Amino acid sequence: MDTHQKLTIVGVILLAVTFLINYYHQLDHSGVGFNYAYVPGVAMLIVFSISFIMFTKDHLK
């Protein structure tokens, strides 16, 4: 399995974690405090970006 595929899987896991944290925050702490779903959300965007760049770089050669 290529590295960009592994990064995509990690990105999907981070996406699920982001949704779960955001759902919990909306149910129990709506409008109060910092929404920690931003942390895995930003990490997910970074991982997906790196995966996309690696995939594009490999296929443009």
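The values are calculated or read from the model by the stated rules, or taken from the named source; none is laboratory data. In this text the structure is predicted, and so the values were computed from the model without any measurement. Note that each Cβ is placed from the backbone with ideal geometry, even for glycine, and that neighbours are counted across all protein chains shown. Remember, those area values only see protein heavy atoms, side chains included, never the ligands or the DNA or RNA. Shrake-Rupley method; radii C 1.70, N 1.55, O 1.52, S 1.80 Å.
Points to keep in mind about this one:
- Taken together, H29, H25, H4 contain a single residue that is modelled with pLDDT under 95, open to solvent by less than 40 Å² (accessible area, probe 1.4 Å), more than 8 Å from the chain's Cα centre (by Cα) and farther than 21 Å from H59 by Cβ, which is H25.
- First in segment 1-28 and of a type in the set (S, T, N, Q), second anywhere and open to solvent by less than 100 Å² (accessible area, probe 1.4 Å), Cβ under 7 Å, 6 or more apart: T3/M54; T8/S51; T18/A37; T18/P40; T18/G41; T18/M44; N22/N35; N22/A37
- Within this structure, V17 fails the test of being of a type outside the set (K, R), open to solvent by less than 100 Å² (accessible area, probe 1.4 Å) and in contact with a Gly (Cβ under 6 Å, 6 or more places away or on another chain).
- Options F52, F34: the member that is assigned to a helix (DSSP H, G or I), hydrophobic (A, V, I, L, M, F, W, C), open to solvent by 100 Å² or more (accessible area, probe 1.4 Å) and out of contact with any Ser or Thr (no Cβ under 8 Å at 6 or more places or on another chain): F52
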